[in-house]
Amino acid sequence: MTKRVAILISGGGSNMVALARDMAAPDHPAAPCIVVSNVPSAGGLARAEALGIPTAVVDHRPHGQDRASFEAKLADAMAPYDPDLICLAGFMRILTPDFVELFEGKMLNIHPSLLPKYKGLNTHARAIEAGDTFGGVTVHGVTAALDDGPIYGQARVPILPDDTPDTLADQVLAVEHRLYPAVLRRVASGVTAPLHLE
Ligand code: GAR
């Protein structure tokens, strides 16, 4: 049966679009059911609507430091769509262990580094500063620890001498758009062995 996928975003949603476009293929084991943003002005919302995907906004700001009440609203927004899988796609909120547990084994995240290197923010600047010759991207299962969990796929991107955090981010983002859809296809078919994309 086709898996129902909720996609959570905070920004432009280019990874969401890459996932949704791939899922439009007739042989795909999954289909998008809802796109939720915690940022009302997120550009990805209009892009999801243009693709015919239902959208919802759950603004985190009125909840202040109360992550649990924000997450309760997030779960409420997704509940009517009964997702089998949740893809975090540039979703920039840290989730509590309780929320992660609710969706254990069903939630994927894309992170712009070769995990376990450079968890958290400013990954590209940190890779360049460290003199790394490769940056990259990881898709992993979400666990209670930040940017941790089983690795479902990785792809490397060479760091060139002239690269800045911005140029590297552009290179990595293009690869993200290939890696995330490829991994989602596998995970939706029950394959969680890591994919190494060249
Ligand atoms: C992507 O580069 C994604 O890997 C990153 O945010 C960007 C979202 O772009 N995610 C994180 O940094 C999560 N810690 P998009 O909105 O165009 O998909």
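Worth pointing out:
- Just so you know, in segment 50-67 the residues that are under 18 Å from the mean Cα position of the chain (by Cα) and not in a loop (DSSP other than H, G, I, E, B) include one that is farthest from L95 (Cα to Cα), and it is T55.
- Among residues of segment 96-117 being within 21 Å of H196 (Cα to Cα), hydrophobic (A, V, I, L, M, F, W, C) and in a loop (DSSP other than H, G, I, E, B), the one that is nearest to the ligand (Cβ to nearest atom) is L115.
- Pick from segment 24-43, criterion within 14 Å of the ligand (Cβ to nearest atom), of a type outside the set (A, V, I, L, M, F, W, C) and in a loop (DSSP other than H, G, I, E, B), ranking: surrounded by the most Cβ atoms within 10 Å (Cβ to Cβ): N38
- Residues located in segment 1-18, provided they are in contact with a strand residue (DSSP E or B) (Cβ under 7 Å, 6 or more places away or on another chain), touching a residue at least 60 places away in the same chain (Cβ under 8 Å) and surrounded by fewer than 22 Cβ atoms within 10 Å (Cβ to Cβ): K3, R4, S10
- When R21, R47, R93 are checked against the criterion of being surrounded by 14 or more Cβ atoms within 10 Å (Cβ to Cβ), within 16 Å of the ligand (Cβ to nearest atom) and in a helix (DSSP H, G or I), a single residue qualifies: R47.
None of the figures in this text is laboratory data; all of them are computed from the coordinates on show. All values reported here derive from a predicted model rather than from experimental measurement. All Cβ positions, even for glycine, are placed from backbone atoms using ideal geometry, and neighbour counts span all protein chains on display.
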